[in-house]
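**Q** Have a look at this one before I ask anything.
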Amino acid sequence: MNFLFSRVVFITQTLILSIVLSFSANAQDADEQLLLKHFHSISSEEIAGWMTELCSPEYNGRLAGTPEYLASAGWVAGMLHDWGIKPAGDNGSYFQWFDQPYTVVNDEGSLQLHITRKDGTDIVKSYRAPSEYYPGMNSGSGEVTAEVVYVGYGVTAPELNYDDYKGIDVKGKIVLMNRDVPYKDALNPEYAKWVRYCYHQYKVENAAQHGAAGMLYIDGNSANPNISYIENMIVCGIGPEPLADIFAGLGKTNTAVTGQIDKSFKPVSFATGKTMTIKANTTRHPEGRTCNVAGIIEGSEPVLKEEVIILGAHLDAVGNAGGILVQGGFDNASGVADIMAAAKALAGSGIKLKRTLLFLFFGGEETGLVGSKYYTANPIFHKEKTVTYINLDMVGNGTGLAVNASASCAPLMEYFKTANSKYIHRPMRSSASAVTYYGRPRSDGLVFLADGFRTMDISTTDGVKPVFYHLPGDDETAVTPEIMEDVAKLLYLSLIVMANAGMSGF
Ligand SMILES: [Zn+2]
């Protein structure tokens with residue numbers, strides 16, 4: 001056991017011992033009145049107002065790298081400032097800056113299938129965005145008309161004796177491929193060998209290396225902004241309708257073919273004989289910079305203030321694809337507003353906190369978890385001083401609450417369970433993940449976990465609103481502000497006790 005690890009274990013044990021003590025010993029305290037006053041100040045109306053602000057057209061879907069995202073970051077920072085939460089970013093500011101090249105999609109572009117009749121004449125079928133195809137959020141600008149070649153998962157892995165491009169000519173063609181890899185069990189260490197081939201970025205680069213001119217990504221039909229940009233590579237995401245048309249008359253389906261590949265680990269790639277046109281109108285901004293927003297409430301106890309509890313949520317969303325605007329309401333203005341409400345109450349209460357609280361709002365989650373990766377590489381507080389990182393992503397739709405923790409900080413879930421049963425009374429699930437995940441991290445929380453942080457996440461359960469994942473419709477109406485109020489209250493109560501545990505209590 002190294003020093004860092006034993007230090008972390010020590011922090012956990014101290015906190016566990018004090019959980020029960022802190023809640024019960026203080027229950028009759030006069031401080032409870034102060035606690036409850038600010039508990040009741042957290043309101044769903046205020047949260048709903050922030051949701052409307054974050055989803056306003058002014059921020060244009062908060063795509064990381066854009067000036068509109070920065071405007072939203074500025075608004076969040078202004079609120080933190082107004083509440084007396086101190087800046088924790090670069091050079092005394094609220095902002096932690098990093099490079100974020102980005103692509104503006106100027107219009108919807110188009111996707112067409114060319115069908116040659118028996119008499120040799122051509123008919124053209126045009127698809128609709130975003131219901132049938134989604135413009136490639138990082139597509140190169142231009143137009144390609146070519147035969148579509150199916151390449152399974154688009155993976156070339158010589159060390160795994162697997163190559164979707166083997167013996168198949170894709171030069172100047174449009175490649176059609178699936179997400180992920182043939183190996184599916186992300187809880188099996190074997191998956192680690194495949195993980196580098198899961199990334200969208202890898203897939204488009206591999207397609208370009210094989211000379212493809214265009215790429216159709218079987219990715220449902222929703223915005224997928226984190227495919228890396230390659231000039232002249234025209235990309236779009238397709239849903240079931242164009243996929244069915246490409247497979248029509250071939251005597252197979254994508255489901256059957258991928259099933260066969262997954263079973264045998266033998267690629268099945270073929271020219272489809274179908275010709276399509278993809279058009280994309282985009283502007284690349286290689287100079288893009290963006291930021292995380294960081295604010296702190298400093299701890300008041302000389303030793304314990306060095307320890308930090310982090311609340312994090314991504315502030316960015318998937319932006320506006322040439323008029324197809326995704327405001328990022330549930331994903332993830334909800335997590336941002338939950339944390340803002342808790343932060344405002346914590347700062348406003350004046351209740352002294354021994355440990356430090358850090359509020360992080362990430363840029364670039366949707367562009368490849370860039371903001372959380374930047375933080376873990378450039379932490380504001382040392383990892384070994386971080387009690388836990390608590391992630392909130394899509395937390396605001398439903399009637400129930402859930403808390404989940406990595407095995408290393410599972411006992412900390414008691415804070416949330418106790419706060420809920422004492423003051424909130426929502427159905428609440430809790431689970432500790434003892435398993436190791438070998439897949440591609442798909443949330444900021446998993447980035448922290450992969451880097452060795454002890455992590456938790458809070459979520460809402462029993463959704464009552466339809467989810468428009470990365471689609472128009474994910475606006476401020478896609479959430480239930482009442483559950484968001486309770487999430488904020490849960491954070492507020494639990495963090496007060498957690499920040500003060502191990503000493504005399506608040
Ligand atoms: Zn999200």
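**Q** Every residue in the range 222-235 that is in contact with a Leu (Cβ under 6 Å, 6 or more places away or on another chain) and modelled with pLDDT of 90 or more, please.
**A** The answer is none; no residue qualifies.
**Q** Here's another thing I want to ask about it. I'm trying to understand the selection: among the residues of the range 298-316, which are farther than 19 Å from Met484 by Cα and of a type in the set (Gly, Ala, Ser)?
**A** Gly299, Ser300
**Q** Next question, about the same structure. Against the condition of a type in the set (Val, Ile, Thr), surrounded by fewer than 17 Cβ atoms within 10 Å (Cβ to Cβ), touching a residue at least 12 places away in the same chain (Cβ under 8 Å) and touching a Ser or Thr at 6+ places or on another chain (Cβ under 8 Å), how does Thr277 come out, does it pass?
**A** No.
**Q** Take the residues in the range 418-432 that are surrounded by 15 or more Cβ atoms within 10 Å (Cβ to Cβ) and within 25 Å of the chain's Cα centre (by Cα); name whichever of them is nearest to Phe39 (Cα to Cα).
**A** Met428
**Q** Condition check: within 29 Å of the chain's Cα centre (by Cα) and over 24 Å from Gly319 (Cβ atoms). Does Val175 satisfy that?
**A** It is true that Val175 is within 29 Å of the chain's Cα centre (by Cα) and over 24 Å from Gly319 (Cβ atoms).
**Q** Would you check if Phe330 is in contact with a Ser or Thr (Cβ under 6 Å, 6 or more places away or on another chain) and modelled with pLDDT of 95 or more?
**A** Taking the combined requirement at face value, the residue does not satisfy it.
**Q** Quick one: Phe361 ticks every box in (1) part of a strand (DSSP E or B); (2) buried (at least 24 other Cβ atoms within 10 Å of the Cβ); (3) away from the ligand (no atom under 16 Å from the Cβ) bar one, so which box is it?
**A** Exception for Phe361: condition (3).
**Q** Hey, another quick one. Which ones in the range 176-221 are surrounded by 17 or more Cβ atoms within 10 Å (Cβ to Cβ), of a type in the set (Gly, Ala, Ser) and at pLDDT below 90?
**A** Across the range 176-221, the qualifying residue is only Ala186.
**Q** Please specify each residue of the range 321-347 satisfying the condition of being touching a Pro at 6+ places or on another chain (Cβ under 9 Å) and either at negative phi or of a type in the set (A, V, I, L, M) (or both).
**A** Ala321, Ile324, Leu325, Val326, Gln327, Ala337
**Q** Only one residue in Leu113, Leu80 is among the aliphatic types (A, V, I, L, M), modelled with pLDDT of 95 or more and assigned to a helix (DSSP H, G or I). Which one?
**A** Step by step, each of Leu113, Leu80 is checked, and only Leu80 is among the aliphatic types (A, V, I, L, M), modelled with pLDDT of 95 or more and assigned to a helix (DSSP H, G or I).
**Q** Checking Met340 against (1) away from the ligand (no atom under 13 Å from the Cβ); (2) crowded, with 24+ Cβ neighbours inside 10 Å; (3) outside any helix (DSSP H, G or I), which single condition isn't satisfied?
**A** (3)
**Q** While we're here: Report the residue count in the range 312-326 for those that are in a loop (DSSP other than H, G, I, E, B), touching a strand residue (DSSP E or B) at 6+ places or on another chain (Cβ under 8 Å) and away from the ligand (no atom under 13 Å from the Cβ).
**A** Residues flagged as in a loop (DSSP other than H, G, I, E, B), touching a strand residue (DSSP E or B) at 6+ places or on another chain (Cβ under 8 Å) and away from the ligand (no atom under 13 Å from the Cβ) within the range 312-326 amount to 1.
**Q** Go through the range 378-406 and report how many residues are closer than 21 Å to Ser43 by Cβ, within 16 Å of the ligand (Cβ to nearest atom) and not small (Gly, Ala, Ser).
**A** Residues in the range 378-406 being closer than 21 Å to Ser43 by Cβ, within 16 Å of the ligand (Cβ to nearest atom) and not small (Gly, Ala, Ser): 3 in total.
**Q** Which numbered condition trips up Met79, out of (1) closer than 30 Å to Ala280 by Cβ; (2) in contact (Cβ under 8 Å) with a residue 12 or more places away in the chain?
**A** Here Met79 clears every test but (1).
**Q** Is it true that some residue in the range 165-183 is more than 15 Å from Ser269 (Cα to Cα) and among the polar types (S, T, N, Q)?
**A** no
**Q** Within the range 447-460, is even one residue within 16 Å of the ligand (Cβ to nearest atom) and over 18 Å from the mean Cα position of the chain (by Cα)?
**A** There is no residue in the range 447-460 that is within 16 Å of the ligand (Cβ to nearest atom) and over 18 Å from the mean Cα position of the chain (by Cα).
**Q** From the list Glu143, Glu147, Glu190, which residue is of a type outside the set (Phe, Trp, Tyr) and not in a strand (DSSP E or B)?
**A** Sole residue among the options that is of a type outside the set (Phe, Trp, Tyr) and not in a strand (DSSP E or B): Glu190.
**Q** For the range 57-72, which positions are closer than 17 Å to Val336 by Cα and either polar (S, T, N, Q) or touching a Gly at 6+ places or on another chain (Cβ under 7 Å) (or both)?
**A** Of everything in the range 57-72, those that are closer than 17 Å to Val336 by Cα and either polar (S, T, N, Q) or touching a Gly at 6+ places or on another chain (Cβ under 7 Å) (or both) turn out to be Asn60, Gly61, Arg62, Leu63, Ala64, Tyr69, Ser72.
**Q** A further question on this structure: Run down Thr290, Thr356 and say which single residue is more than 18 Å from the chain's Cα centre (by Cα), farther than 30 Å from Asp245 by Cα and either within 16 Å of the ligand (Cβ to nearest atom) or surrounded by 24 or more Cβ atoms within 10 Å (Cβ to Cβ) (or both).
**A** Sole residue among the options that is more than 18 Å from the chain's Cα centre (by Cα), farther than 30 Å from Asp245 by Cα and either within 16 Å of the ligand (Cβ to nearest atom) or surrounded by 24 or more Cβ atoms within 10 Å (Cβ to Cβ) (or both): Thr356.
**Q** Regarding Thr367, is this residue of a type in the set (S, T, N, Q) and within 16 Å of the ligand (Cβ to nearest atom)?
**A** For Thr367, the condition - of a type in the set (S, T, N, Q) and within 16 Å of the ligand (Cβ to nearest atom) - is met.
The values are calculated or read from the model by the stated rules, or taken from the named source; none is laboratory data. Note that the coordinates shown come from a computational prediction; the quantities given were computed from them, not determined experimentally. Neighbour counts run over all protein chains shown; Cβ positions are idealised from the backbone, glycine included.
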